[in-house]
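Below: one structure, written as structure tokens.
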């Protein structure tokens, strides 16, 4: 089951507070955080979990270089504008 570890928590070094595994599993456009393997490897077989629950293309997306923050912010603003135009 993909949600078998969802209630486990760990301190997120990026956010600076506790998060549950579910957050780490879906925070990247419904894909895992890029740091998930390093953060969770001491808790359970995270590599086996990822291979068992995600397709190769999805896992490859985790290995792509991150976009610069400004580019990511611009994309988020464009998505918000588009969503606002589409809502009644």
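The values are calculated or read from the model by the stated rules, or taken from the named source; none is laboratory data. What you see is a predicted model; the values in this text were computed from it and never measured. Cβ: placed from backbone, ideal geometry, glycine included. Neighbour counts: every protein chain shown.
Of the residues that sit in segment 10-31 and are over 25 Å from residue 75 (Cβ atoms) and surrounded by 12 or more Cβ atoms within 10 Å (Cβ to Cβ), which one is farthest from the chain's Cα centre (by Cα)?
10
Output the residue which, of all residues in segment 64-73 that are part of a helix (DSSP H, G or I) and at pLDDT below 85, is surrounded by the fewest Cβ atoms within 10 Å (Cβ to Cβ).
Taking the candidates together, the pick is 69.
Test of understanding: among 61, 34, 43, which residue is surrounded by 10 or more Cβ atoms within 10 Å (Cβ to Cβ), under 14 Å from the mean Cα position of the chain (by Cα) and not in a helix (DSSP H, G or I)?
34
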